[in-house]
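A short reminder: the numbers here are calculations on the coordinates, not readings from a lab. This structure is a prediction, so every number in the text was calculated from the model and none was measured. Cβ coordinates were reconstructed from backbone atoms using ideal geometry, including for glycine residues, and neighbour counts include every protein chain displayed.
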Amino acid sequence: PSLSNCLVQMYGLCASPRDAQKSFDALPFPTHISWTILIRALGLNAEVHKALEAFHSMRNQDVVAWNAMIGVYVQNGLCEDAMNLFVKMQLHGPTPSNVTFVCVLDGCSELKIGYAIHDLIIKFQYEGDITVGNALLTMYGKCHNTSDAERTFLGMKVRNVVTWSALIAQYVNNGEEADALRLFRVMLLEDVKPNNITCISVLDACTTLGEVADGRKIYAVVVECGYEKSVPVGNALVNMYGKCASLPDAKNVFHRISGRNMVTWSSLMGAYTQMIFYNEVLQLLHLMQHDGVKPDKVTFLCALDACAGLTDLKAGQITHACLVESSHEQD
RNA sequence: CGCGCAGCGAAGGCC
């Protein structure tokens, strides 16, 4: 039975909703857990209608099943449906849990609704729950209300690395990069260890501000924390140095990254573009292919841009041919 | 043992 549940889950994660359904149908006595796994497997693959069918087919849906269904709506961009289901849940469903609020907050992009949810969180006494607090401050940030995000942050009795990273990221998303860097400094002073997500956010802040000096300090933190090998962090560093016109540093970081992906390559191409080294951009396009990394749309846009900058028709035609060839190689 | 919290990396065009 638990083996079958695992099968359903595996097919769901492997983008095979049909097989997930088949494995589920083979279960003589599906439990609540089986049903929830099925709902999630279908939702992950955009089979929202089938997920809802499954939700209705099980009897006595527990709170986890309701949460899963609300989550399916949110993750498929159907936030109105998520809210409606949440309202239904309050009318004739189980008492919401902390996860319910996290799901609903995730689907909320309207400040007015956000305040209403906040009131309910107080009513159900989930204010002190750290995951709810984190989701709440993120919701305020996504609604472009960084002051309420700050208030939420300050009101939290317990904070973890997600709490700090969430507020930093919301500052960055709202164009308040200086505040993001300031908060990052406080975080270090309070001995909270950043993770790679935190580092990427503050590196992005430096990129936007063109603050290479701060960027270097963050690089030191990255090394100290042992995130030097992380590809996303490396990409953010290449990008930061590139945008700050520190090509040697960008190249240096680039060479230290093992497992470079197309974003890594495109970031370095961007660094060369910044310095108007268009020939080098075109060389990189070939080097990356030689390295077994497939260029994508963005990579080609960079390369074509370089050809235009060079006003080199021949190079443009070669790149064009490259693009056509690459698009035939799909699958 | 089923649901859930931050990031979601790189490019160009128009205003």
Checklist entry - Using r as the Cβ-Cβ distance of A:Ala220 and A:Leu120, and R0 as 41 Å, what FRET efficiency do you calculate, to the nearest 0.05? => result 0.40
Item to check | Span per principal axis, largest first, for the Cα atoms of region A:1-157 (Å) | outcome: 51, 28, 27
Next on the checklist: Please list, short to long, the whole-number percent of alpha-carbon pairs of chain A in consecutive 10 angstrom bins beginning at zero.
Outcome noted: 5, 20, 21, 24, 20, 8, 1
Checklist outcome for this item: Normalised per residue, the volume inside the convex hull of the alpha-carbon atoms of region A:133-186 in Å³ amounts to 61
Item to check | Where trypsin sites (Lys or Arg not before Pro) fall in DSSP loop in region A:170-266, at most 16 other Cβ within 10 Å | outcome: A:Lys229
Checklist entry - If one computes the Cα centroid of region A:64-99 and of region A:186-254, what distance in Å separates the two points? => result 38
Item to check | Within region A:131-173, trypsin sites (Lys or Arg not before Pro) in DSSP loop having at most 13 other beta-carbon neighbours inside 10 Å | outcome: A:Lys157
Next on the checklist: Kirkwood Rh and Cα-based Rg: tell me the resulting Rg over Rh for region A:239-331, rounded to two decimals.
Outcome noted: 0.96
Item to check | Contour minus Cα-Cα distance for A:Asp291 and A:Ser4 (0.36 nm per residue) | outcome: 99.2 nm
Item to check | Neighbourhood net charge (15 Å Cβ-Cβ; Lys/Arg +1, Asp/Glu -1) for A:Ala178 | outcome: -4
Checklist entry - Between A:Cys14 and A:Ala46, what is the FRET efficiency for a Förster distance of 22 Å, r being their Cβ-Cβ separation, to the nearest 0.05? => result 0.90
Checklist entry - Which translational diffusion coefficient, to the nearest whole µm²/s, is obtained for region A:193-269 from the Stokes-Einstein equation, given a Kirkwood hydrodynamic radius over C-alpha pairs, 25 °C and 0.890 mPa s? => result 207
Checklist outcome for this item: Expressed as a whole-number percentage, the relative contact order of region A:11-152 with C-alpha contacts under 8 angstrom and at least six residues apart is 16
Checklist entry - Measuring from centroid to centroid over Cα atoms, what is the spacing of region A:269-331 and region A:22-37 in Å? => result 49
Item to check | region A:188-331, dipole about Cα centre (Lys/Arg Cβ +1, Asp/Glu Cβ -1), debye to the nearest 20 | outcome: 180
Item to check | For region A:282-331, alpha-carbon Rg over 2.2 N^0.38 Å | outcome: 1.07
Next on the checklist: If I model a spin label at A:Ser147 and A:Gln90 as a point 7 Å from the Cα along the Cα→Cβ vector, what separation in nanometres do I get?
Outcome noted: 2.6
Next on the checklist: List the aspartates and glutamates whose Cα sits under 16 Å from the Cα of A:Lys243, skipping any in the same chain fewer than 8 residues away.
Outcome noted: A:Glu177, A:Asp204, A:Glu211, A:Asp214
Checklist entry - Two-decimal Rg/Rh of region A:180-222 from alpha-carbon positions, Kirkwood Rh? => result 0.93
Next on the checklist: Please enumerate, by chain and number, the aspartates and glutamates with C-alpha under 13 Å from the C-alpha of A:Lys112, excluding those fewer than 8 residues away in the same chain.
Outcome noted: A:Asp148
Item to check | Charge dipole (region A:185-331, unit charges on Cβ, about Cα centre) - positive-most of A:Ala220, A:Leu203, A:Asn279 | outcome: A:Ala220
Item to check | Prolate/oblate/rounded label for region A:1-89 (Cα gyration tensor, a/c 1.5) | outcome: oblate
Checklist outcome for this item: Around A:Arg256 (Cβ within 14 Å, Cβ-to-Cβ, excluding A:Arg256; K/R +1, D/E -1) the net charge comes to +1
Checklist entry - For the pair A:Ala178 and A:Ala308, how long in nm is the line joining their label points, each one 7 Å along Cα→Cβ? => result 3.4
Next on the checklist: Can you tell me the length gained on complete extension of the stretch A:Lys251 to A:His56, counting 0.36 nm per residue apart and subtracting the Cα distance?
Outcome noted: 64.6 nm
Item to check | Lys, Arg +1 and Asp, Glu -1 on Cβ, resulting dipole of chain A about Cα centre, debye, nearest 20 | outcome: 380
Checklist entry - From Cα coordinates alone, what are the radius of gyration and Dmax values for region A:173-322 in angstrom? => result 16.6, 57
